[in-house]
Amino acid sequence: MESSKYIYMIAGMLFVTFLPRFLPLMFLSNKNLPDNVIRWLSFIPAAVLSALLAPALLLDEGSLYLSLENTALLAFIPTLVLAYKTKNIFYTVSGGLIFYLIIDIIF
């Protein structure tokens, strides 16, 4: 691929990732949104994270994988408890990695 195509591709990716972030800020920054809308918007990060994590934890080659051999799912349970107790992203990520490592060594 020649370099001009790379530049167009990067510019296109910049455009399509920047617009969905910039347009709501531009149009909604000076407006007071109703409390129901603000409450509804607060659920979006958790919904997106769940949508990203669920397939990685529960699926293997497109089918449901609930087994004691599913290391990621077994490590998720104590990580979820740690996240609830500490509410600290550093402890949660570090703990999740440690739980995964320990469970991977045990099983």
Query raised in the report: So what's the back-of-envelope 222 nm ellipticity for the chain, counting only DSSP H runs of four-plus at -39500 (n - 2.57) apiece and dividing by all residues, rounded to 500?
Result: -25500 deg cm²/dmol
**Report entry** Selection from Ile102, Asn70, Tyr91, by position along the positive dipole direction of the chain (Cβ)
**Finding:** Tyr91
Requested in this report: Would you work out if the chain is rounded, prolate or oblate? Take a ≥ b ≥ c from the square roots of the eigenvalues of the alpha-carbon gyration tensor; rounded if a/c is under 1.5, else prolate when a/b is larger than b/c, oblate otherwise.
Outcome: oblate
Query raised in the report: Which FRET efficiency value, to the nearest 0.05, is calculated for Phe18 and Ser50 with the Förster distance at 25 angstrom and r the Cβ-Cβ distance?
Result: 0.45
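The numbers here are math on the coordinates, done by the rules we state, and not lab data. Small disclaimer: the values here were computed from a predicted structure and weren't measured. Glycine gets a Cβ as well: all are built from the backbone with ideal geometry, and neighbour counts include every protein chain shown.
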